[in-house]
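Input: a single structure, listed below in structure tokens.
The values are calculated or read from the model by the stated rules, or taken from the named source; none is laboratory data. Quantities reported herein were computed from a predicted structural model and do not represent experimental measurements. Positions of Cβ are generated from backbone atoms using ideal geometry, with glycine treated the same way; all protein chains shown enter the neighbour counts.
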Amino acid sequence: MAKAVRRQHSMVWLQGLTCGAVVTLAPGVAVLLGLLLGPGLLALLLDREAGRPMARCVLLMGLATCVQPLRALWSDGQSLAVALALAGDLQVMGTAWSAAAAGWLMAELAPLGTRLVLEALARSRAAKLRSERDRLLAAWGGEDAAGG
């Protein structure tokens, strides 16, 4: 168990080093990603469940909307001014943050939807089994299902 803890700490160090390298080598990309993925990064900090399902969903939806702005940034020279111009575009930011909100909503509604489907399947299966039990009792001349 101590080995897993050490491995996790080394991964945090490596992630910090990678983030520092991105900020140093491509500040425009870092600023644009930081602003577009703001809700996802916040979800990452606040999600304390195992596996961070909420943060994963929010970040994945947000990352999907970051592709086009990043392409625009790369084609315009990756400067900090272009990154700030893209971040200042209401359509770009609105799309990214709306997608993050949709990811949050999906993460909240998915367990509820799954529970409803499973309960409906269980009720249907129970009704079929009761029907089959009654049919077998009638065929074998057993007691009535309500009485037995």
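At pLDDT 90 or above, more than 23 Å from the chain's Cα centre (by Cα) and part of a helix (DSSP H, G or I): does that describe residue 71?
Against the criterion (at pLDDT 90 or above, more than 23 Å from the chain's Cα centre (by Cα) and part of a helix (DSSP H, G or I)), residue 71 qualifies.
Return only the number of the condition from (1) part of a loop (DSSP other than H, G, I, E, B); (2) modelled with pLDDT under 85 that residue 7 does not satisfy.
So the condition that residue 7 fails would be (1).
Does any residue of the range 107-122 turn out to be in a helix (DSSP H, G or I), of a type outside the set (Val, Ile, Thr) and in contact with a helix residue (DSSP H, G or I) (Cβ under 6 Å, 6 or more places away or on another chain)?
Looking for residues that are in a helix (DSSP H, G or I), of a type outside the set (Val, Ile, Thr) and in contact with a helix residue (DSSP H, G or I) (Cβ under 6 Å, 6 or more places away or on another chain), one finds at least one in the range 107-122, hence yes.
List, please: which pairs have Cβ atoms under 9 Å, are six or more places apart or on different chains, and start with a residue in the range 10-27 that is loosely packed, with under 12 Cβ neighbours inside 10 Å and end with one that is at pLDDT below 75 and of a type outside the set (Lys, Arg)?
Filtered contacts from the range 10-27: no entries.
What's the number of the condition residue 15 fails, among (1) in a loop (DSSP other than H, G, I, E, B); (2) under 28 Å from residue 110 (Cβ atoms)?
(1) is the only condition that residue 15 fails.
Looking at 82, 67, can you tell me which residue is under 23 Å from residue 26 (Cα atoms), β-branched (Val, Ile, Thr) and either in contact (Cβ under 8 Å) with a residue 40 or more places away in the chain or surrounded by 14 or more Cβ atoms within 10 Å (Cβ to Cβ) (or both)?
Step by step, each of 82, 67 is checked, and only 82 is under 23 Å from residue 26 (Cα atoms), β-branched (Val, Ile, Thr) and either in contact (Cβ under 8 Å) with a residue 40 or more places away in the chain or surrounded by 14 or more Cβ atoms within 10 Å (Cβ to Cβ) (or both).
Pull out all pairs, ordered by first then second residue, where Cβ-Cβ is under 6 Å, the residues are six or more apart or on different chains, the first lies in the range 104-115 and is farther than 15 Å from residue 56 by Cα, and the second is at pLDDT 95 or above and assigned to a helix (DSSP H, G or I).
Note: no pairs meet the criteria.
Please state which one of 48, 133, 123 is among the charged types (D, E, K, R), farther than 30 Å from residue 24 by Cβ, in contact (Cβ under 8 Å) with a residue 12 or more places away in the chain and loosely packed, with under 15 Cβ neighbours inside 10 Å.
Answer to the selection: 133.
Can you name the condition, by its number, that residue 60 falls short on among (1) touching a residue at least 40 places away in the same chain (Cβ under 8 Å); (2) touching a Phe, Trp or Tyr at 6+ places or on another chain (Cβ under 9 Å); (3) not acidic (Asp, Glu)?
Result: residue 60 fails condition (2) only.
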